Amino acid sequence: MRSRPNKTRTISISLPQRLLEDVEQCAETDGFRGRSEVVRAGIDLLLQKRNKENDHTGQSSGTLTVLFDESATGEIAAARHDHQDIVTSLLHSHTTNGRCIEAILLEGEASQLTALANSLRGHPLVDLVELVLVPNKEKTQQATPANQG
């Protein structure tokens, strides 16, 4: 039996109780028809974001924001160290409940910046990985009295 491309398929997922409660609240308050609609919308946003990140090529600047459990500080530092050639600056701060937040400034090939972000995504003690990329465009020389013909 061949499946049609637009046919909806049923899958099973496991969610922590807190996340399930958030999904249910979102469905109730934000006009979704149910939990599946919320999950589909979330997956769609994630894939759009991923595609946008992967569309960047060439030299880029970026910021990487990471929120994580303090016990993962060593692992986060190791990931930064593995990508030290693209890390230009770092701000580390302690938040509440044993959490840390880092703002990491990056400079390099877009694929390298994305690789660092991807190395942190999915880590069980990391709550947020937010990458913002800006392509570095060559500066054009502006006409000034000194360089006008």
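Annotations for the structure displayed:
- Residue ranges 21-32, 96-107 sort as 96-107, 21-32 when ordered by packing (mean number of other C-beta atoms within 10 Å per residue, highest first).
- With all pairs of separate Cα atoms included, segment 57-137 yields a Kirkwood hydrodynamic radius of 12.6 Å.
- Additional length obtainable on full extension of the chain from ASP30 to ALA115, 0.36 nm per residue less Cα span: 27.2 nm
- Relative to the current alpha-carbon distance between ILE13 and GLU130, full extension at 0.36 nm per residue lengthens the span by 39.8 nm.
Any read-out appearing in this document is the output of simple, stated calculations on the displayed coordinates, not a laboratory observation. Everything numeric here is computed off the predicted structure, so don't read it as measured data. Cβ coordinates were reconstructed from backbone atoms using ideal geometry, including for glycine residues, and neighbour counts include every protein chain displayed.
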